[in-house]
1. For segment 105-131, which residues satisfy the criterion of being under 17 Å from G36 (Cβ atoms) and in contact with a Gly (Cβ under 8 Å, 6 or more places away or on another chain)?
2. So, in segment 19-43, exactly how many residues are free of Cβ contacts under 8 Å to residues at least 24 places away in the same chain and of a type in the set (V, I, T)?
3. Quick check on segment 61-69. Is at least one of its residues over 15 Å from I104 (Cβ atoms) and modelled with pLDDT under 90?
4. Does V73 count as surrounded by 14 or more Cβ atoms within 10 Å (Cβ to Cβ) and either outside any helix (DSSP H, G or I) or at pLDDT 90 or above (or both)?
5. Consider segment 81-97. How many of its residues are in contact with a Leu (Cβ under 9 Å, 6 or more places away or on another chain) and of a type in the set (A, V, I, L, M, F, W, C)?
6. Can you name the residue in segment 76-103 that is modelled with pLDDT of 90 or more and hydroxyl-bearing (S, T, Y) and is also farthest from L22 (Cα to Cα) among such residues?
7. Please list, ordered by first then second residue, the pairs with beta carbon atoms under 7 Å, 6 or more apart or interchain, first in segment 119-131 and outside the structural domain of A71 (by TED's automatic domain parsing) and buried (at least 19 other Cβ atoms within 10 Å of the Cβ), second hydroxyl-bearing (S, T, Y) and in a helix (DSSP H, G or I).
8. Take the residues of segment 123-137 that are in contact with a Ser or Thr (Cβ under 8 Å, 6 or more places away or on another chain) and modelled with pLDDT of 55 or more: which is farthest from H15 (Cα to Cα)?
Amino acid sequence: MANPYPIKRTPEEHHFHQKDALKSGVNGALIGGGAGFFASAIQNSLAKRNIGPWTVFTKTGGTIATFTAAAAVYNFSRDATANLREKDDTVNVAVGSFLAGSAIGLRVGRIASILGYGALCSVILSTLEYTGGGIRGRRQVSDLDEYERKEFMRNNRRRPIEETITNIEEGRGIAPPGYEERRRERLKEKYGVEINPVSATVG
């Protein structure tokens, strides 16, 4: 099978596709809100005294808000930065993770904490992005974006018409070149009947 990651393109050959930053922010808020709700429920389950189910929102609701804000800010700022720069690289993740970390630091209310959380998140997430999420480095060796990679995979797996005809056989409306000649030969072999084609031209 062909390599799904072709030769690396030059910057002039690479085409950037605009991203929907608002949609990414909303999706991030939903995912972050779900994760925050789960974390808040765990916090309430570890409480020493008996508390009601609504304390997930009233007592530890700040956890839900923090997760929601951080995920929304990260997704939105990452894609907005990519649209402004017209590039998909680690810088976008660094900017988005710094702002997301700063949103987490807002709960503390100190400038040092805001900058510290932002810097910490930026270093961790941008390093993971740069290395491809593993210690062996990035598996993808080209700078193709996700859209171009999917287009290549779709074209790479497109089967030729000859192979399709071979699998489903001729007939039933499928008439590749030379079909009539092969059909006449099969009828002659099976039934001993020779069919001569009728010419539609007038002499």
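1. Of everything in segment 105-131, those that are under 17 Å from G36 (Cβ atoms) and in contact with a Gly (Cβ under 8 Å, 6 or more places away or on another chain) turn out to be G105, R107, Y117, C121.
2. First pass over segment 19-43, keeping only residues free of Cβ contacts under 8 Å to residues at least 24 places away in the same chain: 23, 30, 34, 38, 41-43.
This time we only want the ones that are of a type in the set (V, I, T), so: 42.
Residues flagged as free of Cβ contacts under 8 Å to residues at least 24 places away in the same chain and of a type in the set (V, I, T) within segment 19-43 amount to 1.
3. Yes, segment 61-69 has at least one match.
4. Numbers: surrounded by 14 or more Cβ atoms within 10 Å (Cβ to Cβ): yes; either outside any helix (DSSP H, G or I) or at pLDDT 90 or above (or both): yes.
Against the criterion (surrounded by 14 or more Cβ atoms within 10 Å (Cβ to Cβ) and either outside any helix (DSSP H, G or I) or at pLDDT 90 or above (or both)), V73 qualifies.
5. The number of residues fulfilling the criteria is 2.
6. It comes out as S102.
7. Filtered contacts from segment 119-131: no entries.
8. By that ranking, first place goes to I124.
The values are calculated or read from the model by the stated rules, or taken from the named source; none is laboratory data. If you're wondering where the values come from, they're calculated on a predicted model, not measured in any experiment. When we count neighbours, we look across all protein chains shown, and the Cβ atoms used for this are built from the backbone with ideal geometry, even at glycine.
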